[in-house]
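The values are calculated or read from the model by the stated rules, or taken from the named source; none is laboratory data. Just so it is clear, the model here is predicted, and its values are computed rather than measured. FYI the Cβ positions are ideal-geometry reconstructions off the backbone, even for glycines, and counts take in every protein chain you see.
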Amino acid sequence: MDRDELGVVVGYDGSAQAGQALRWGAAEAAGREVPLTVCHAWDWPHHEWPGELVPLELVRRPAQRLVKAAAAWAGRHHPGVPVNTLTDRGSPSGLLTDLSADAELIVVGSRGYGELRGLTVGSVSGHVAGRARCPVIVMGGDPEERGAREVLVGFDGSPASRAALGFAATQAHRLGCPVHAVIAHRERDREADTLELRIQTEGLAWDELIARQRVHPGLQASVELVDEPARHALLEAARKARLLVVGARGLGEVRGLLLGSVSQAMVHHAPCPVAVVH
């Protein structure tokens, strides 16, 4: 398969969360008019059966059947979307991170089969969200069940948050819903984070949104200044969000972190799907 034809990539393992990722990813591919790639990575067993090695086909064939069934579902519900399937030996997080170099978007479930119970987000989704080279959507909660109707984005004026705001505005246009930007206290150096500074940041947010409204006429947008820490403000606002969008790292984040503290908290705890924009 040509890596230029990946389009929207969905990590699929047959779990309920992966099913949500497949539904979202297929709709994204249809809206973007790009292919959908359903992929699954399988690990070689670390043990041998008594007296013989585990045959390769006993591991590979179930993986191929799994992605073919998912692709068939996507073909039935989105007949105009080209669908690719991909299986490979190795770790799911490694495969998805590698594919992100050529993918337009990665969509994964928050937890799949094999993840420890009690974890809010699995090791695969957390790894991919932190290391991918394209935007990643981690499915957490079903926005349709809550009647959510807006795309929420955290904004602090950093380059990452500007990219997140642009992504959020495009998603809101595609989904036919408003985009709502929240400007809250930064997690670090709160004494320097004055109301005046947040008002300046509000102006930057409106500059970005007005530019997007020129591209997407009719896009409804709003900006809110919140007098509380970003984590609490975004988690509270996410209760009514169809999608929460965050930059991988914002102002005040420690250099070298693959995923900033606020973004990491959203991926782990938000009650809605979370998009991480790098």
Checklist entry - How about the range 68-86: which of its residues are among the charged types (D, E, K, R) and touching a residue at least 12 places away in the same chain (Cβ under 8 Å)? => result K68
Checklist entry - Can we say V10 is closer than 21 Å to A129 by Cβ, at pLDDT 95 or above and either over 19 Å from the mean Cα position of the chain (by Cα) or among the β-branched types (V, I, T) (or both)? => result yes
